[in-house]
1. With the cut-off at 19 Å, tell me which of the pairs 217/248; 72/122; 118/188 have Cα atoms farther apart than that.
2. What number does segment 123-276 give for Rg over Rh if you use C-alpha atoms and the Kirkwood radius?
3. Within 10 Å, count the other beta carbons around each residue, average over each peptide in 4-15, 173-184, and list them highest first.
4. Expressed as a rounded percentage, what relative contact order does segment 1-72 have, with Cα pairs under 8 Å and six or more residues apart?
5. Apply the Debye scattering formula to the chain, with a single equal point scatterer on each alpha-carbon and no solvent, then give log10 I(q)/I(0) at q = 0.09, 0.10, 0.12 Å⁻¹.
6. Output the direction-averaged projected area (hull surface divided by four) of the convex hull of the alpha-carbon atoms of segment 164-239, in nm².
7. Among 157, 90, what is the fewest-to-most ranking by other Cβ atoms within 10 Å?
8. Most mobile of 56, 120, 74 per a Gaussian network model of the chain (Cα springs, under 10 Å)?
Amino acid sequence: MGNNRFNGKAIYNPSGKAGEYSDWACNFYTGCSNNCDYCYCKKGVMSHVWSDTPKLKKCFRDEEEAISIFEKELLANLGELQKHGLFFSFTTDPMLPQTIDLTVRAIKICVHHSVNVKILTKRADFAEKFFRPLCSKSALNENLMHIAYTRHVAFGFTLTGHDELESNASSNSDRIEAMKILHEGGYKTFASIEPIVDLKGSLSMINSTVGFCDLYKVGLLSGKKYNWRELRGFMLACTSLESKFYFKDSFISQADLGRTNLPQSCVGRDYDMFNT
């Protein structure tokens, strides 16, 4: 993003490892009730504002002010957001019962302004009822609205294969079923295979979703050292499948590889899943 980084109250340009995931992101809340053992937000710079219950960021008086500020910041950066899209969220799960209403309102604004949206969640309980009920009672209007949403919204699910580490999240199997439902409904879908707790479990998650997952983003468990030969073997097993993969920098580094000689199914961080 260069030196002209935007750092609004709702919308901003992430940096560091988050910047590798998305050029633009939105955070309305901090904290999360999924209570994952490995969550990076529980440590470091986020730990002082973290809780097991999502809380509206202190810079917002209430949800009405949050959505108002969101719309102003979106319009102020509309050209860049239409080019790069917007990611929800790095500091909470945007589809929790406590966060989903504001997420839905923000996504509706994005779709109206032709901004592509990527939602990353560990929830499955919204999938069957989420977007079509937002449409009007008119069958024609409902169909047009559904087309607009499927054109601009992608759903991602974190899949580790380890429910015991994600005590309050939906099960991995339920997330996989939700992904399938949404993909069959016309939405783009992606999987965050991060963190890799163990290579066998992560490969099982990938094999279980081939055919209804448009992109896999693969990353390591922070602070864990992996065997480079095993990482390369894992990559070869993944890239033999019919799908697209983005391996994060940490994976590439520990596998002692360079991006210039990766298999053809590997894509860069700027890969646009909406235009494929």
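Throughout, read-outs are computed from the coordinates displayed, never taken from laboratory work. Note that the coordinates shown come from a computational prediction; the quantities given were computed from them, not determined experimentally. Cβ atoms come from the backbone with ideal geometry, glycine included; neighbour counts cover every protein chain shown.
1. On the way: 217/248 7 Å; 72/122 29 Å; 118/188 9 Å.
Where the Cα-Cα span goes over 19 Å, the pairs concerned are 72/122.
2. Rounded to two decimals, Rg/Rh equals 1.02.
3. Details: 4-15: 15.6, 173-184: 18.9.
Listed from highest to lowest mean packing, they are 173-184, 4-15.
4. 30
5. So the normalised log intensities work out to -0.40, -0.50, -0.74.
6. 5.4
7. So the ranking, lowest neighbour count to highest, is 90, 157.
8. Among 56, 120, 74, the largest mean-square fluctuation in the Gaussian network model of the chain belongs to 56.
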